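Only one structure is covered here, and it is reproduced in the block below.
The values are calculated or read from the model by the stated rules, or taken from the named source; none is laboratory data. The shown structure was predicted, so the numbers you read here are calculated from the model rather than taken from an experiment. Cβ sites come from the backbone with ideal geometry, for glycine too, and all protein chains shown count toward neighbours.
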Amino acid sequence: MTIDKIETYILKDTLSKSFFFSQWEYSERCICVVKVTASNGEYGWGEGYGPANVLEAGIELLKPIVIGLDPLENEVIWNQMYRKTLDFARRGTLVASMSAIDIAIWDLKGKILGLPVSTLLGGAHRTEVRPYATGLYFTSHDNPSQEFDEEAQIYISQGFKAIKMKIGLGVEEDYKNVKRMRDLIGDDIQLMVDSNHAYNFREAIQLAKKIEPLNISWFEEPLSPEFYTQYKELRNKTSIPIAGGECEYLRYGFHQLLRNNSVDIIQPDICASGGLTEAKRIAALASTYGVELIPHTWGTSIGIHVALHFIANLESMPGRMKRPDFLIEYDQTENALREELTFPAIEMKNGMIKIPNRPGLGIDVDEEVLMKYAI
Ligand code: MG
């Protein structure tokens with residue numbers, strides 16, 4: 001059996017209302033998904049995390065390397081893509097294009113063999129994971145956090161036990177918002193903060209000190225991802241766990257974070273950092289440093305299913321009978337491509353999401369919806 005066809009689709013959805021974070025404003029969702037078809041007619045879906053048109057160009061470049069190879073030999077295919085682009089694209093969006101193809105091949109392999117991706121990865125240590133709500137983006141430039149209270153109440157009423165909020169407006173304004181959120185949600189809901197590398201070292205320390213008494217589960221991307229040593233120094237100055245890694249690529253990038261003791265939690269985006277093949281290696285590397293791994297997710301429901309299967313296979317480090325639930329990032333901002341593109345729909349029950357045990361990623365793409373959003 002060989003890989004016969006690789007097709008890309010750029011999907012775009014204009015948001016009913018734009019929102020922003022510390023770096024820029026979103027007024028649309030634009031994502032590149034890929035379909036890989038084998039000679040027997042079976043197919044798999046993948047997606048990349050990054051600028052959609054650049055991802056598509058990268059997939060065009062990779063196509064001739066992948067076509068004609070055996071979809072069951074996904075590590076061999078991964079190595080071919082990596083080796084033949086290494087000289088000019090060791091990091092960045094071309095790795096995300098590789099990730100999209102790699103993911104589609106895992107989905108395809110699962111469908112060919114009739115096995116879920118979690119089984120192909122080595123087996124599911126758990127049958128469900130606990131989603132945390134990513135939201136609380138800024139909605140108005142005059143009063144950025146004006147809708148936070150109402151939004152947080154919705155998450156709690158939906159059964160979320162953990163919420164991640166955006167910060168990065170300045171130390172004083174962030175402190176006021178985080179304090180208000182903790183007062184609002186009470187002590188039983190986990191609260192995380194994400195500045196998307198908005199701060200310098202001095203500001204990050206100031207803010208960490210101020211929010212330390214508010215029981216923050218992690219401070220995500222406090223600093224620019226390049227400053228591995230400052231991350232380590234920040235960790236030494238605060239009791240809040242430090243998280244990062246959504247801008248890293250491949251095991252080599254994550255090794256920088258790990259060997260510099262930069263973070264308590266690494267957050268690879270599987271759709272950018274090298275796909276499922278490389279994510280498994282990144283997880284093995286993290287386990288040798290005793291660092292927790294909670295993947296970053298964004299994009300369509302394909303990417304969320306990739307993370308579900310991957311988390312199912314993550315080892316408990318350390319092992320013990322009574323361990324907190326494994327978390328999955330579940331973005332709650334407006335996103336038709338998360339709600340409509342694939343079936344069956346993601347279902348959250350009693351605050352948990354079940355890992356699908358159907359072949360491949362356990363979903364299929366609704367091609368009518370695909371054509372509705374394809375440009
Ligand atoms: Mg983040």
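The table for this structure:
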item	result
SER22 outside the structural domain of ASP174 (by TED's automatic domain parsing), loosely packed, with under 13 Cβ neighbours inside 10 Å and closer than 27 Å to GLU221 by Cα	no
Single condition ASP325 does not satisfy, out of (1) free of Cβ contacts under 8 Å to residues at least 60 places away in the same chain; (2) closer than 15 Å to TYR132 by Cα; (3) part of a loop (DSSP other than H, G, I, E, B)	(1)
Which numbered condition GLU278 misses (of (1) within 15 Å of the ligand (Cβ to nearest atom); (2) under 19 Å from the mean Cα position of the chain (by Cα))	(1)
Selection count, region 27-39, where residues are surrounded by fewer than 15 Cβ atoms within 10 Å (Cβ to Cβ) and assigned to a strand (DSSP E or B)	2
Residue list for region 160-170, filter: assigned to a loop (DSSP other than H, G, I, E, B) and of a type in the set (Lys, Arg)	LYS161
Any hit, region 244-251, residues being at pLDDT 95 or above, within 16 Å of the ligand (Cβ to nearest atom), assigned to a strand (DSSP E or B) and not β-branched (Val, Ile, Thr)	yes
Counted residues, region 250-272 - those being polar (S, T, N, Q) and in contact with a strand residue (DSSP E or B) (Cβ under 9 Å, 6 or more places away or on another chain)	2
From the options PRO241, PRO222, residue that is crowded, with 17+ Cβ neighbours inside 10 Å and more than 25 Å from ARG90 (Cβ to Cβ)	PRO222
Boolean, LYS179 is at pLDDT 95 or above, of a type in the set (Lys, Arg) and surrounded by fewer than 22 Cβ atoms within 10 Å (Cβ to Cβ)	yes
Tally of residues being assigned to a loop (DSSP other than H, G, I, E, B), within 18 Å of ILE304 (Cα to Cα) and charged (D, E, K, R) across region 129-159	0
Positions within region 182-218 being within 11 Å of the ligand (Cβ to nearest atom) and either part of a strand (DSSP E or B) or not small (Gly, Ala, Ser) (or both), in sequence order	MET192, VAL193, ASP194, ASN196, HIS197, TRP218
Subset of region 219-240 (residues that are of a type outside the set (Phe, Trp, Tyr) and within 14 Å of the ligand (Cβ to nearest atom))	GLU220, GLU221, PRO222, LEU223, SER224, PRO225
Residue within region 253-260 that is surrounded by fewer than 19 Cβ atoms within 10 Å (Cβ to Cβ) and either at pLDDT below 95 or hydrophobic (A, V, I, L, M, F, W, C) (or both) present	no
Which listed residue is of a type in the set (A, V, I, L, M, F, W, C), more than 21 Å from ILE31 (Cα to Cα) and modelled with pLDDT of 95 or more, from ILE270, ILE282, ILE302	ILE282
Contacts under 6 angstrom Cβ, first residue in region 196-208 being among the polar types (S, T, N, Q), partner away from the ligand (no atom under 15 Å from the Cβ), 6 or more apart	GLN206/VAL171
The one condition in (1) among the aliphatic types (A, V, I, L, M); (2) buried (at least 18 other Cβ atoms within 10 Å of the Cβ); (3) modelled with pLDDT under 95 that MET317 fails to fulfil	(2)
Hits in region 61-84 (condition: under 14 Å from ALA38 (Cα atoms) and of a type in the set (A, V, I, L, M))	VAL66, ILE67, LEU69, LEU72, ILE77
Meets criteria (touching a strand residue (DSSP E or B) at 6+ places or on another chain (Cβ under 7 Å), without any contact (Cβ under 8 Å) to a residue 40 or more places away in the chain and of a type in the set (Gly, Ala, Ser)) for SER140	no
Flag if TYR155 is farther than 30 Å from GLN80 by Cβ and within 16 Å of the ligand (Cβ to nearest atom)	no
